[in-house]
Amino acid sequence: ATLVRVQRGGSPSAQTEGKLTLLCDAKTDGSFLVHHFLSFYLKANCKVCLVALIQSFSHYNIVGQKLGVSLTAARERGQLVVLEGLKSGVDVFFRPREEPHPLQFLREANAGDLQPLYAFVRDALQPVDSGEAAWRCPVLLVDDLSVLLSLGVGPVAVLDFVHYCRATVCQEWKGNVVCLVHDSGDTEDEESDVLLNGLSHQSHLILRAEGLATGFCKDVHGQLRILWRRPLQPTTHRDRSLTYQYKIQDKSVSFFAKGMSPAVL
Amino acid sequence: MLESLLAVGGLMLLRDSVEWEGRSLLKALVKKSALRGEQVHVLGCEVSEEEFREGFDSNINSRLVYHDLFRDPLSWSKPGKALPGGPLEALRALDKRTVSGPATIALDSLSWLLHHLPCPTLCQTLHALSRQDSCPGDTPPGEQVRVLGLLHEELHGPGPLGALSSLAQTEVTLSGMMGQASAQILCRRPRQRPTHQTQWFSILPDFSLELQAEPPLESQPRSDPHTPSVDPTTHLTFNLHLSKKEREAKDSLTLPFQFSSEKQQALLRPGLGQATSHIFYEPDAYDDLDQEDPDDDLDV
């Protein structure tokens, strides 16, 4: 099964616009989910803003080509706006201070809030009333939010940034927001826990990639837990969560029920 | 007891978690208040007005005043859509709005307020808001103000949680088991002992509250309707099944270490033909066979 069918299959009344999807990984690398959503939304003709703080543009481009999209072409035709954190982070120090920069917080002694980053996102995804064919809903992808904690931003400031993105992109423009965050697990990282829990409370859908409890396996790379949280459809028994195991292949990811990997049967 | 929660004024904390969310209970309590004819003010920080009002019918929505702190709480937008004065002023303004008549104030959520306001300030404002300055005897029950605060437990340390807990008249902690939600209710009345009760409940799509009995303790495995049950023995390369003859042979086998009555009899009667065991020993050339007990000379 593919991830799209897995997502749709669980929630019969799934409304796909105006949602905050939280990607989270624990003891494994969940970035394959970011690549999936990036190529998925580009293929669906949405306007995408990628805040890439972890990898360079060419990395996403190479993986995107395997998944069937060309990020360079998307960027040229205006469908994709990328903030390359690794490159532009250095620019902050060489620009005159008056010009606001999305990663302005890197320059401040105590990193304040992420308003400049939010302003960048808002300007990138603002729907324009031009005569040409409009893109489908705007989408914000952030890879990833945990690195902001390492750069000195407080968890409440990151939560505020996501709050504003939700208010503008999801609520006002009926677009989607997808963010990746890391679960620090047993290491007692209070800030990381506050960030993860705070984001979980704000999210409509949580996709959690976990390594297997028994360790590394060649044929089953991990387990994916899918949890639907909002909108509230209060019922006595909610079928809110599903678990699948997965294997990442060169051009796709295959999903199967727990214990049902073809390699172990 | 969940039904009578709204009879008491003061501050009620709804403590929820990622797994057991509390917003639907908050909405159910808001609905109850509105149906009793009270004014309901909602300070919305975490969800939009549209989302909060969803599921309520028009006569409840007409009694509900939503103070929007969701769209632009920190005045980042130009032109500003923020409530003037920011979160603290918005909270204090609620105090002035509920001057006459019974009222319910819903704070969605206290966690957001706790992240953006200093804890002492928030506690002082809540104290004033829930009219705890006046003795309970002064205000007639009809004029009481109820403050419902949604609090996400995992987001705060023990200090702020303890401070809010000591301010609250009622604390409802949400949890559950196997898809069934429960509320642990701790009620503190003046000059009475705190009472503790657990109530299982569910919330219907129209946000009415339905009380439930405790689910039975033995877990009933619910078959998931979305994933078809798969028989794991279908595609194996080896045989896991037993034929009838094999099954009979297996059942009639006595295990060597199983202590059955026949074995017990055999051991108790070392009978005829049952030779006791012998040890045959060939001494080596250098062996010293001394028949005396080596422990004899010990003075124990």
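Laid out as a table, the results:
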| read-out | value |
| --- | --- |
| Residues satisfying the stated conditions in region A:7-29, i.e. outside any strand (DSSP E or B) and at pLDDT 90 or above | none |
| Set B:LEU35, B:LEU114, B:LEU107: member being hydrophobic (A, V, I, L, M, F, W, C) and within 14 Å of another protein chain (Cβ to nearest Cβ) | B:LEU114 |
| Residue satisfying all of: in region B:1-46; of a type in the set (Val, Ile, Thr) and surrounded by fewer than 22 Cβ atoms within 10 Å (Cβ to Cβ); farthest from B:HIS127 (Cα to Cα) among these | B:VAL18 |
| Of the criteria (1) modelled with pLDDT under 85; (2) over 25 Å from B:LYS32 (Cβ atoms), which one B:ARG131 fails | (2) |
| Test: residue in region A:150-165 that is more than 12 Å from chain B (Cβ to nearest Cβ) and more than 25 Å from A:SER56 (Cα to Cα) | no |
| Per-region count, region A:168-188, residues facing chain B (nearest Cβ under 10 Å) and over 16 Å from A:THR21 (Cβ atoms) | 2 |
| Residue match in region B:214-225 (condition: exposed (fewer than 10 other Cβ atoms within 10 Å of the Cβ), among the charged types (D, E, K, R) and modelled with pLDDT of 85 or more) | no |
| Test set (1) surrounded by fewer than 22 Cβ atoms within 10 Å (Cβ to Cβ); (2) over 21 Å from B:LEU167 (Cβ atoms); (3) within 14 Å of chain A (Cβ to nearest Cβ) - B:PRO87 fails condition number | (2) |
| Counted residues, region A:151-170 - those being farther than 21 Å from A:LEU42 by Cα and either buried (at least 23 other Cβ atoms within 10 Å of the Cβ) or at pLDDT 90 or above (or both) | 13 |
| Pairs with Cβ under 6 Å, 6+ apart, first in region A:254-265 and within 13 Å of B:ASP231 (Cα to Cα) and at the interface with another protein chain (Cβ under 9 Å from one of its Cβ atoms), second modelled with pLDDT under 75 and part of a loop (DSSP other than H, G, I, E, B) | A:ALA257/B:THR227; A:LEU265/B:HIS235 |
| Residue among B:LEU204, B:LEU148, B:LEU209, B:LEU161 that is within 14 Å of another protein chain (Cβ to nearest Cβ), surrounded by 11 or more Cβ atoms within 10 Å (Cβ to Cβ) and modelled with pLDDT of 90 or more | B:LEU161 |
| Some residue of region B:228-243 being surrounded by 10 or more Cβ atoms within 10 Å (Cβ to Cβ), at pLDDT 75 or above and either farther than 30 Å from A:ALA257 by Cβ or touching a Lys or Arg at 6+ places or on another chain (Cβ under 8 Å) (or both) | yes |
| Test result for B:ALA28, modelled with pLDDT under 90 and aliphatic (A, V, I, L, M) | no |
| Filter result for B:ASP251 (surrounded by fewer than 10 Cβ atoms within 10 Å (Cβ to Cβ), among the charged types (D, E, K, R) and either within 25 Å of B:ARG23 (Cβ to Cβ) or at pLDDT 75 or above (or both)) | yes |
| For B:GLU154: the one exception among (1) at pLDDT 90 or above; (2) in a strand (DSSP E or B) | (2) |
| Residue within region A:123-140 that is of a type in the set (S, T, N, Q) and either over 26 Å from B:ASP68 (Cβ atoms) or away from chain B (no Cβ under 13 Å) (or both) present | yes |
| Every residue from region B:177-186 that is of a type outside the set (A, V, I, L, M, F, W, C), within 12 Å of chain A (Cβ to nearest Cβ) and farther than 12 Å from B:ILE203 by Cβ | B:GLY179 |
| In region A:114-153, residue nearest to A:GLY18 (Cα to Cα) [restricted to those that are more than 19 Å from the chain's Cα centre (by Cα) and of a type in the set (Gly, Ala, Ser)] | A:ALA134 |
| Whichever residue in region A:243-259 is in a loop (DSSP other than H, G, I, E, B) and small (Gly, Ala, Ser) and, among such residues, is nearest to the chain's Cα centre (by Cα) | A:SER252 |
| Yes/no for A:VAL194 being assigned to a helix (DSSP H, G or I), within 8 Å of chain B (Cβ to nearest Cβ) and either buried (at least 20 other Cβ atoms within 10 Å of the Cβ) or free of Cβ contacts under 8 Å to residues at least 60 places away in the same chain (or both) | yes |
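Yes/no per residue for (1) surrounded by 13 or more Cβ atoms within 10 Å (Cβ to Cβ); (2) within 12 Å of A:VAL153 (Cα to Cα):
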position: A:GLU76; (1), (2): no, no
position: A:LEU80; (1), (2): yes, no
position: A:LYS87; (1), (2): no, no
position: A:VAL92; (1), (2): yes, no
position: A:ARG95; (1), (2): yes, no
position: A:LEU106; (1), (2): yes, yes
position: A:ALA109; (1), (2): no, yes
position: A:ASP113; (1), (2): yes, yes
position: A:PRO116; (1), (2): yes, no
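The values are calculated or read from the model by the stated rules, or taken from the named source; none is laboratory data. Please read these numbers as outputs of a predicted model, since none were measured by experiment. Quick reminder, even Gly has a Cβ in these numbers, built from the backbone with ideal geometry, and neighbours come from all protein chains shown.
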